[in-house]
């Protein structure tokens, strides 16, 4: 009997580490951001990314773009690096005020993480010394994931509801929390309706919009003020505005969110996924050039 219990417990632990922990965009959201980015890399950046990717990725950044969520059990310190909490209802972001963890430790937020891992990757190809003190493969995977996270509007959400994590809603007939609606539900519903539940079709649609409908915006997405390599403060400011204008708007506890919400919010999700992919590529291009 005791042996049976041990085997059950062992099986539960095994399953726990197999099931992805989804925060930020879900699996398909992060996959889309990284797939878009890899298609826009310069020759130098593409070479560096290929060299830094783990062998298991087979050269495909998108296949490991969810890695930062799956290592939270091992790297407990990384959890606060996926988001930013901002003061309730202000709908503004300021790094010096908002980029801290729950203990008040400065720079421990997704914007600080993007700055940190960008600086680590800038040591690539600079020989021994500083470069040898960093795991640049992990830096690449963290940066790729966090640039996706910061483009999910509720990752720059309100403090009291933890970015919509404590707001219970119904997504059509299913129970959910508002944060998960933006992580996953909107994307899954769109894939079911428009993309034959195929994430690659979602990526293709986003790629087409980048070259057509959003073509006049792409240069501004790629630019970074003050000759900086990464500009997470810009992305975070956009994020809290989108959260207020779209994610939170019209939603209360136990709201039922159906077509009115889906049809008006899905374009925002598409827009932020596309921006994330374009900006990840632009950041990696600046790093490795």
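The values are calculated or read from the model by the stated rules, or taken from the named source; none is laboratory data. Predicted model only: the values in this text are computed from it and were never measured. All Cβ positions, glycine included, derive from the backbone under ideal geometry; neighbour counts span all protein chains shown.
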It is to be established whether one or more residues within the stretch 102-117 are in a helix (DSSP H, G or I) and loosely packed, with under 15 Cβ neighbours inside 10 Å. no
Which condition breaks for residue 264 when tested against (1) over 16 Å from residue 164 (Cβ atoms); (2) in contact (Cβ under 8 Å) with a residue 40 or more places away in the chain; (3) in a helix (DSSP H, G or I)? (2)
Filter the stretch 46-64 down to the residues that are outside any helix (DSSP H, G or I) and touching a helix residue (DSSP H, G or I) at 6+ places or on another chain (Cβ under 7 Å), then identify the one that is surrounded by the most Cβ atoms within 10 Å (Cβ to Cβ). 53
Within the stretch 67-89, of all residues that are under 26 Å from residue 242 (Cα atoms) and exposed (fewer than 13 other Cβ atoms within 10 Å of the Cβ), the one modelled with the highest pLDDT is 88
Only one of these is surrounded by fewer than 20 Cβ atoms within 10 Å (Cβ to Cβ) and in a loop (DSSP other than H, G, I, E, B): 137, 92. Name it. 92
I'd like to check something: does the stretch 75-87 contain any residue that is in a loop (DSSP other than H, G, I, E, B) and over 24 Å from residue 228 (Cα atoms)? yes
Residue 130 meets each of (1) out of contact with any helix residue (DSSP H, G or I) (no Cβ under 8 Å at 6 or more places or on another chain); (2) modelled with pLDDT of 95 or more; (3) farther than 17 Å from residue 286 by Cα with one exception, condition (2)
Here are 13, 8, 21: which of them is surrounded by fewer than 16 Cβ atoms within 10 Å (Cβ to Cβ), modelled with pLDDT under 95 and part of a loop (DSSP other than H, G, I, E, B)? 21
